[in-house]
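The block underneath contains the structure these notes are about, expressed in structure tokens.
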Amino acid sequence: SDAASEGEIRLSTAASLLNVKPGSVLLFSAKGRTLSGRVSGHTLDYLDGLVSALTFPCSAFDGLDVFYHAAVRVSPSREGAVRRALAARYPTLPTISGREFTNMVRKVVDSAAVTVQLVSWVVMAIGVALQILLVAAGKSLRLAEAAIAKALGARPGLLTRAFLCEFGLTGLGAGVAGSL
């Protein structure tokens, strides 16, 4: 294809998946037309590490249905003026700044962290409930043990110390397992 229809491609993590290197040419097909793009070796900012970018001349898309995406670098002091100018000229055009994008990602990450914390609390509550059920289920066994021990002459203080020791060791084991 001619140089006028060739585009520039900046690949992030997709480069390793596609096994392409700077200088490689990728071909794209749309409605019987082929567009070629050369992979460049430079990135412009931290977003390039997250999102692959394809840049083609507008004439390459003549006759094709396209969705235009534009990225503009604006000084933070001029951001408001540029947004107002874009809104006046293109009222339905959505715009997002790097700060807004970062805040949006931060909110998603915060929501995921809250969900993970909630799940961990639910798991801990289930563990406590299971421990209570196991202790309750073992009550009849402990009563039988106590009856046998009393029949053999054990005093109430000895039984109390034995049960406290059993529950203490069980609790210590659970604490060690939980901390690991």
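Just to be sure I understand the curve: with the Debye formula and one point per C-alpha of the range 53-136, what is log10 I(q)/I(0) at q = 0.11, 0.23 Å⁻¹? Scattering profile of the range 53-136, log10 relative to I(0): -0.60, -1.14.
Excluding same-chain neighbours fewer than eight residues apart, the lysines reachable from Lys139 by a Cα-Cα span under 17 Å are Lys150. The calculated FRET efficiency for Val128 paired with Thr160, based on their beta-carbon distance and R0 = 25 Å, is about 0.55.
Only the coordinates and a few stated rules stand behind these numbers; no lab work does. It should be emphasised that the depicted structure is a prediction, and the values quoted were computed from it without experimental measurement. All Cβ positions, even for glycine, are placed from backbone atoms using ideal geometry, and neighbour counts span all protein chains on display.
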